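Colleague: Structure provided below as structure tokens; questions to follow.
Readers should treat all values here as calculations from the given coordinates under stated rules, not as data from a laboratory. Since this is a predicted model, take the numbers as computed values, not measurements. Here the Cβ positions follow ideal geometry from the backbone for every residue, glycine too, while neighbour counts run over all protein chains shown.
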């Protein structure tokens with residue numbers, strides 16, 4: 001039996017009837033068209049599906065859509081303001097913090113949460129803060145540089 005939910009996604013309120021077992025990632029992608037939130041593993045191991053729920057990063061493949069009822073979700077598609085990228089997005093582009101780009105939405109969302117909690121992270125804190133997000137292409141050095149640059153753009157250290 002479907003459950004009725006009311007969730008704000010990227011600033012827009014949505015009401016929907018969802019199946020109790022539907023994962024948040026599939027509701028975001030299939031029902032709302034938020035395809036920037038990617039499905040990497042469906043086991044919460046890779047972090048590609050990371051979004052912000054009430055300001056905290058979560059892996060949307062490990063959360064049911066019904067659990068998001070009453071929450072505010074921000075996806076990668078909701079970070080930019082008009083044509084202006086979020087500083088974390090800009091830093092990942094400028095510092096080449098991506099190769100294939102598949103993990104990038106999750107890395108960016110995890111970084112937004114990390115910098116909200118710690119605006120001046122050390123390299124070790126960055127690596128620890130992103131430990132649940134896997135990249136199979138880059139080797140992480142440019143990802144760390146991207147986070148450091150984003151911290152500088154947001155008023156922390158560079």
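Colleague: Beta carbons within 10 angstrom, averaged per residue: use that to sort the peptides 30-43, 64-77, 9-22, highest first. Display every interim value, and only then the final one.
Modeller: Values: 30-43: 15.9, 64-77: 19.1, 9-22: 13.6.
Final packing ranking: 64-77, 30-43, 9-22.
Colleague: Starting from 0 in steps of 10 Å, tell me what percent of the Cα-Cα pairs of the stretch 57-101 lands in each bin.
Modeller: Final binned percentages: 20, 41, 31, 9.
Colleague: Here's a follow-up. What are the radius of gyration and Dmax of the chain, computed over its Cα atoms and given in Å?
Modeller: 15.4, 51
Colleague: Still on this structure, please answer the following. Once you have the alpha carbon radius of gyration of the stretch 87-153, what is it after dividing by 2.2 N^0.38 Å, with N set to its residue count? Write out the running numbers ahead of the final one.
Modeller: On the way: Rg = 10.2 Å, N = 67, 2.2 N^0.38 = 10.9 Å.
Cα-based Rg divided by the globular estimate yields 0.94.
Colleague: Let me ask something additional. Using alpha-carbon pairs under 8 Å, 6+ residues apart, how would you state the relative contact order of the chain in percent? Could the numbers behind the result be given before it?
Modeller: Values: 301 pairs, mean separation 36.5, N = 158.
After rounding, I find 23 percent.
Colleague: If you don't mind, there's one more thing I want to ask. Over all directions, how big on average is the projection of the convex hull of the alpha-carbon atoms in the stretch 3-78, in square nanometres? Mind dumping the intermediate values first?
Modeller: Values: hull surface 16.6 nm².
The number I arrive at for the stretch 3-78 is 4.2 nm².
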